[in-house]
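The values are calculated or read from the model by the stated rules, or taken from the named source; none is laboratory data. This is a predicted model, so every value here is computed, not measured. Methodologically, a virtual Cβ is constructed for each residue, glycine included, from the backbone with ideal geometry; neighbour enumeration extends over all protein chains shown.
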Amino acid sequence: MIGKNMSDEKIKIMVIAGPTAVGKTSLSVKIAKRIGGEIISADSMQVYRGMDIGTAKITREEMGGVKHHLIDICDPDEDFSVIKFKELAREAAYDIASRGKVPIVVGGTGFYIQAFLYDIDFTEYDDETSEKVREDIQKRFKNSPEDMHAYLQKIDPQSALSIHMNNIKKVLHAIEYFEITGRRISDHNMEERSKNSPYDFVYFVVTDDRNEIYSGIDKRVDKMMEEGLIDEVQRLRNMGCTQKNISMLGLSYKEIDDHLNGLITLDEAVRLIKRDTRHFARKQLTWWKREKNITYVDRRDHKSEEDMISFMVSFFNRI
């Protein structure tokens, strides 16, 4: 088992989370250089090869020589789950620590981070059953966000409150969990959040003025379009990817795919991407309000990014 040959002492981990477009990437690379860290990506979309523009994936140049883990590890026609993330993140963390480096988990997928930090139990799941159930749900509701969310509201009202209708991936996962286990995923998550972590960690959530975050989202989407998001989605379609693949239900990919299928105009696709990404950012912030052991780092409270970095490094060094 991973970690069995290491000391019983818990390894130290830094987590840098926050809503999309808040500037986690640049901040995490600078901190990694400062403390001798390597980064474990906690992004449910950046795991896919060839999905670079729509995920705002970090480039080799932006990495600045800092080693990154769990990026470009599977093809877009493969399913990637929180179960796989937890296992791979755990392996990466122990590998990094065994080499005297600091594991820094960076991303906006709160459920992935929670699963890793608290070693959430997914023994009810197996990949084959999960895939079959997911396909049945997609066929039953024909990937209709409205119908799927209405069903989720019926079986798990708490999850329906915290997951936006247009976040099809998460809605699908919550329904899938219920249909496999007979339990609400909101109840499961509450139980698992009460567990103690096998790590010593500091969990930072970077935030900013809401309008600044929304402005950053709009600029990011405009940049994606300039960089060739339409061509990227077309390449994925040419590979045989459709909205039956989990990867193609991600923000920006579904909307551009709908446009290429003639369902909406390009202007409408861009409008929806911006709107739904703002909704996603709000839901991310709602998620962290329910988490424990969070330290918020608000950009408005610091005179510069260097000041933020000094605060975060000093806080981490105290554990």
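Out of all the residues in region 158-171, is one or more among the charged types (D, E, K, R), assigned by TED's automatic domain parsing to the domain that holds residue 290 and assigned to a helix (DSSP H, G or I)?
No - not one qualifying residue is present in region 158-171.
Scan 31, 71 and give me the residue that is crowded, with 20+ Cβ neighbours inside 10 Å, aliphatic (A, V, I, L, M) and either in contact with a Phe, Trp or Tyr (Cβ under 8 Å, 6 or more places away or on another chain) or in the same structural domain as residue 224 (by TED's automatic domain parsing) (or both).
Every option except 31 fails the conditions.
Please determine, by comparing only the residues of region 31-59 that are among the hydrophobic types (A, V, I, L, M, F, W, C) and part of a loop (DSSP other than H, G, I, E, B), which one is farthest from residue 97 (Cα to Cα).
The extreme case among them is 53.
Among the numbered criteria (1) within 15 Å of the chain's Cα centre (by Cα); (2) without any contact (Cβ under 8 Å) to a residue 40 or more places away in the chain, which single criterion is violated by residue 112?
Of (1) within 15 Å of the chain's Cα centre (by Cα); (2) without any contact (Cβ under 8 Å) to a residue 40 or more places away in the chain, only one is false for residue 112: (2).
Restricting attention to region 26-44, which residues are at pLDDT 95 or above and in contact with a helix residue (DSSP H, G or I) (Cβ under 7 Å, 6 or more places away or on another chain)?
Result: 27, 29, 30, 31, 34, 35, 37, 38, 39, 40, 42.
From the list 62, 87, which residue is over 17 Å from the mean Cα position of the chain (by Cα) and not in a loop (DSSP other than H, G, I, E, B)?
62
Return the residue satisfying two criteria in turn: it lies in region 189-209 and is without any contact (Cβ under 8 Å) to a residue 24 or more places away in the chain and in a helix (DSSP H, G or I), and of such residues it is nearest to the chain's Cα centre (by Cα).
Filtering first and then ranking leaves 190.
Which ones in region 231-267 are assigned to a helix (DSSP H, G or I), farther than 21 Å from residue 169 by Cα and free of Cβ contacts under 8 Å to residues at least 40 places away in the same chain?
Answer for region 231-267, where residues must be assigned to a helix (DSSP H, G or I), farther than 21 Å from residue 169 by Cα and free of Cβ contacts under 8 Å to residues at least 40 places away in the same chain: 231, 238, 266, 267.
In region 274-294, which residues are in contact with a Ser or Thr (Cβ under 9 Å, 6 or more places away or on another chain) and of a type in the set (A, V, I, L, M)?
The answer is 281, 285.
Among (1) crowded, with 16+ Cβ neighbours inside 10 Å; (2) farther than 26 Å from residue 27 by Cβ; (3) at pLDDT below 95, where does residue 121 come up short?
(1)
So, in region 249-299, how many residues would count as being crowded, with 20+ Cβ neighbours inside 10 Å and either of a type in the set (Val, Ile, Thr) or assigned by TED's automatic domain parsing to the domain that holds residue 145 (or both)?
Of the residues in region 249-299, 5 are crowded, with 20+ Cβ neighbours inside 10 Å and either of a type in the set (Val, Ile, Thr) or assigned by TED's automatic domain parsing to the domain that holds residue 145 (or both).
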